[in-house]
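Report on the following structure.
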Amino acid sequence: MTRRFGLLAALILFACAGCVQGPPGEVFHGTLPPLAPGLARLVFYRIADPYGATEMSMVSLNDKPAGMSQLGGMFYRDVTPQAYYVTMVSRRAFPNQFKTVAPRAGETFYIRLSTLPRQSCNLVLGIECSDDAFIVQVVAPEIGARDIQGLYLTAG
């Protein structure tokens, strides 16, 4: 009986493994479409980090929702040139976890969205577990353009 249960559990696990997919959208390869005159572009992406949180988090520009951060996904927004304070919903605070960018017309900023792993915990010793912290990192254009290759292009 126990052996049948184990075999059944293994079959269910393998069947479900085929159902797991990345974020909805097409896998991105190449370059982004041309930027309209007078606008700037902000590209947001999250590398598929095996140690990071799998949950999604809302990304905001100046406290207005801009899109949803998804593991292995990327999205972009064409914006008017001005200063933007880029934040994410995060259950744990971390010093300097959010950034301000001020793109000029024609510029593209690449913004990596990452998580810091939970701090270790030991309930026996009374050390509580912490939540993941989402952080915003502005990266060099050549690094960002390389990093987004193979990610899922989503609507955000």
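Read the figures in this text as sums done on the coordinates, not as results from a lab. As the structure is a computational prediction, the values presented were derived from the model and not from experiment. So basically every Cβ, Gly included, is an ideal-geometry build from the backbone, and we count neighbours across all protein chains shown.
Relative to the present Cα-Cα distance, how much length would full extension add between residue 82 and residue 39 at 0.36 nm per residue of separation? Walk me through the numbers before you get to the answer.
Numbers: separation 43, 0.36 × 43 = 15.48 nm, distance 0.99 nm.
Answer, rounded to one decimal: 14.5 nm.
May I ask for the net charge around residue 41, where only other residues with Cβ less than 10 Å from the Cβ of residue 41 are counted and Lys, Arg are +1 while Asp, Glu are -1?
Local net charge: -1.
On the Cα set of the range 24-153, report Rg and Dmax in Å, please.
Computed over the Cα atoms of the range 24-153, radius of gyration and Dmax are 15.9, 60 Å.
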